[in-house]
Every structure is written in structure tokens, then in C-alpha cells.
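Colleague: Quick one: this structure, given as C-alpha cells, is what I'll be asking you about.
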Amino acid sequence: QRLKAAVHYTVACLCQEVEEDKEVQFSKQSVAAISEITFRQCGVFFGFCRHAKRTTVNTEDVKLLARRSNSLLKYITQKSEELASNNMEQKEKKKKKSSAAKGERTPGEQEAAVTENEDSNMA
């Protein structure tokens, strides 16, 4: 029940954002219908994962379930790639920060130091 209420609340918030952005109105009944469909679809996702003997829904599961709608599949794939790219950037930033804190040089800095050293040896 609490999960269903949370889904309904989230759908209502999203509908409100769409209303402001697209200048349309959603009736309470349409918000409730979208919430119900969303909740049922989540049940399908969970059943799909249970069938695969897993407890986590991942992006590949969502892509597989969305394959019937080319536009939806394309959108999900695009967003998934954007998230993966952002995650890689975040990891790189953390890596640079931790290596800088330890006093280590990044590969680019090491190469610059070697080049500087070679230049001073030639002079």
C-alpha cells in the first residue's frame, strides 16, 4: 500500500511538471490511471527479474521490456548511455581527487614531467 501511494505521489508530481511545461491539464482520474498502469508495469518488471532468478531490475531488463516501442526503446537507450557517461566522468573526477590528495600524478602529469626532464637533460 505504501509503495502504491509513493508511486501515485511521484506520478502526480511528474504530471504537474508536464502541466507546467506543456500547458496541459491532467484530471485526478487520469493521474490515478497513469499511477495504476505504472504500478502494474513495475509488477511486470519484478516478475521478469524473478523469472531470471534476480532481485534487481537493471537497464537491460527495462530495454528488453520496452523493445515493442521503438521510440521508447531509443529514448531509454539514450538516457542509459547518458547516465553511464556521467557515471564514468564522476569516477574519473573522484580518481583524480584521490590521487591528487595522495600526491600522485595523473598519467598526463607524468608524461609532462618526463618531457620536462628530457628537455632539461638536452640543455
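The values are calculated or read from the model by the stated rules, or taken from the named source; none is laboratory data. These figures come from a predicted structure and were not determined experimentally. The accessibility values were calculated without ligands, DNA or RNA, using every heavy atom of the protein model including side chains. Shrake-Rupley method; radii C 1.70, N 1.55, O 1.52, S 1.80 Å.
Colleague: Return the sequence-ordered ³J(HN,Hα) values of segment 10-26 in whole Hz as given by the Karplus equation 6.51 cos²θ - 1.76 cosθ + 1.60 applied to θ = phi - 60°, using x for Gly and Pro.
Modeller: Values per residue, Gly and Pro as x: 5, 4, 4, 5, 5, 4, 5, 4, 5, 4, 5, 6, 9, 6, 10, 10, 10 Hz.
Colleague: OK, next. Quick one: pull the percent of accessible area on segment 1-42 belonging to carbon and sulfur, 1.4 Å probe, ligands and nucleic acids left out.
Modeller: Result for segment 1-42: 57 percent of the exposed heavy-atom area is carbon or sulfur.
Colleague: Now a separate question. Need one word for segment 47-95: rounded, prolate or oblate. Basis is the Cα gyration tensor (sqrt eigenvalues a ≥ b ≥ c); a/c below 1.5 gives rounded, then a/b vs b/c decides.
Modeller: Since a/c reaches 1.5 but b/c is at least a/b, the shape of segment 47-95 is classed as oblate.
Colleague: Would you mind checking the pairs LYS4/LYS74; LYS53/LYS79; LYS28/LYS53; LYS4/LYS93; LYS4/LYS79; LYS63/LYS97 and listing those with alpha carbons more than 30 angstrom apart?
Modeller: Checking Cα-Cα distances, LYS28/LYS53; LYS4/LYS93; LYS63/LYS97 exceed 30 Å.
Colleague: Which whole-number value in Å² is the accessible area per residue of segment 43-90, probe 1.4 Å?
Modeller: For segment 43-90, the solvent-accessible area averages 81 Å² per residue.
Colleague: Among ARG67, ARG54, ARG2, ARG40, what's the order by accessible area (1.4 angstrom probe), most exposed first?
Modeller: Highest to lowest solvent-accessible surface, that is ARG2, ARG40, ARG67, ARG54.
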